[in-house]
């Protein structure tokens, strides 16, 4: 039976975290991983940061070949990053243990990951590989993917759960609506666009965990 784990690691302990630890950065959210030949290219959202200074900062890293903006909005930008994932203990260990990355959210200080493994033994192998390279995983929860009710949040990350809970409490899904995304953004301390994106991700994660838990194809879309 497959198992899903949510864990946190310091940004300084793995390669991608070091690459994206840029001064002035607030939040990064992984959109999805795109396989290209033998490499895996991440697409990720960066919020409220100068595109030019961000690209300039990360392109100085020796593991980075190139970085570019894909979609640009007022408060966030979708970037693609061409880098050497073999240098990253988290991504390399996921590949070696057949783990699937479901979500990742980071700041300059730490990252929270959610990943799926075929069973608890595969999760243990992943954890052991990370520990062997001095990367300690702060595991917050583990639950069976085919029995999401055994986990407290049905596939939601902490930020997604917070946003969805607040939206329900403030009547965002009521008819008529009891609040707007701008009001939710004020309560959460993020932008209007970020609220919309976070709620979208929360609904997709919740649906994937409860309606068809064995299907991961749409988790990060």
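The values are calculated or read from the model by the stated rules, or taken from the named source; none is laboratory data. Since this is a predicted model, take the numbers as computed values, not measurements. Note that each Cβ is placed from the backbone with ideal geometry, even for glycine, and that neighbours are counted across all protein chains shown.
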Restricting attention to segment 62-72, does a residue exist that is farther than 22 Å from residue 144 by Cα, in a loop (DSSP other than H, G, I, E, B) and touching a strand residue (DSSP E or B) at 6+ places or on another chain (Cβ under 7 Å)? yes
Could you pull out the residue among 96, 138, 133, 114 that is in the same structural domain as residue 23 (by TED's automatic domain parsing), surrounded by fewer than 17 Cβ atoms within 10 Å (Cβ to Cβ) and touching a strand residue (DSSP E or B) at 6+ places or on another chain (Cβ under 8 Å)? 138
Let me confirm something: among 55, 41, 22, 46, which residue is at pLDDT 70 or above and closer than 12 Å to residue 83 by Cβ? 41
Being farther than 11 Å from residue 5 by Cβ and either in a strand (DSSP E or B) or modelled with pLDDT under 90 (or both) is the filter here; which residues of segment 120-137 pass it? 136
Give just the number: which of (1) loosely packed, with under 14 Cβ neighbours inside 10 Å; (2) modelled with pLDDT of 90 or more does residue 9 not satisfy? (1)
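Among 95, 105, which is the only one that is modelled with pLDDT of 85 or more and either in contact with a helix residue (DSSP H, G or I) (Cβ under 7 Å, 6 or more places away or on another chain) or assigned to a strand (DSSP E or B) (or both)? Even if it seems obvious, please write down each step before you answer.
Numbers: 95 fails: either in contact with a helix residue (DSSP H, G or I) (Cβ under 7 Å, 6 or more places away or on another chain) or assigned to a strand (DSSP E or B) (or both).
Among 95, 105, only 105 is modelled with pLDDT of 85 or more and either in contact with a helix residue (DSSP H, G or I) (Cβ under 7 Å, 6 or more places away or on another chain) or assigned to a strand (DSSP E or B) (or both).
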Pairs, please: C-beta under 7 Å, at least 6 apart or cross-chain, first residue free of Cβ contacts under 8 Å to residues at least 12 places away in the same chain and in segment 51-62, second surrounded by 14 or more Cβ atoms within 10 Å (Cβ to Cβ)? 59/67
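Those residues that are within 12 Å of the chain's Cα centre (by Cα) and farther than 14 Å from residue 14 by Cβ, I need them from segment 108-122; list them, please.
To start, the set of residues in segment 108-122 that are within 12 Å of the chain's Cα centre (by Cα) comprises 110-115.
Matches in segment 108-122: 114 only.
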Please go through segment 168-195 and pick out each residue that is outside any helix (DSSP H, G or I) and surrounded by fewer than 18 Cβ atoms within 10 Å (Cβ to Cβ). 170, 171, 173, 174, 175, 176, 177, 178, 179, 180, 189
Residue pairs within 7 Å by beta carbon, gap of at least six or interchain, first lying in segment 123-138 and more than 15 Å from residue 11 (Cα to Cα), second in a helix (DSSP H, G or I) and at pLDDT 90 or above, listed first then second, are 126/93; 126/94; 129/93; 129/96
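Can you name every residue in segment 43-61 that is in a loop (DSSP other than H, G, I, E, B) and within 14 Å of residue 16 (Cβ to Cβ)?
If we filter segment 43-61 for residues that are in a loop (DSSP other than H, G, I, E, B), which is where we start, we get 48-50, 59-61.
Residue satisfying the conditions is 61 alone.
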Considering only segment 30-38, I want to know if a residue exists there that is closer than 27 Å to residue 195 by Cβ, at pLDDT 85 or above, crowded, with 16+ Cβ neighbours inside 10 Å and under 18 Å from the mean Cα position of the chain (by Cα). yes
Could you list all residues from segment 108-119 that are in a loop (DSSP other than H, G, I, E, B) and touching a helix residue (DSSP H, G or I) at 6+ places or on another chain (Cβ under 7 Å)? 108, 109
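Mind checking which residues of segment 196-217 are surrounded by 12 or more Cβ atoms within 10 Å (Cβ to Cβ) and at pLDDT below 50?
Looking only at segment 196-217, we keep the residues that are surrounded by 12 or more Cβ atoms within 10 Å (Cβ to Cβ), and these are 196-210, 213, 216.
Hits for segment 196-217 are 213, 216.
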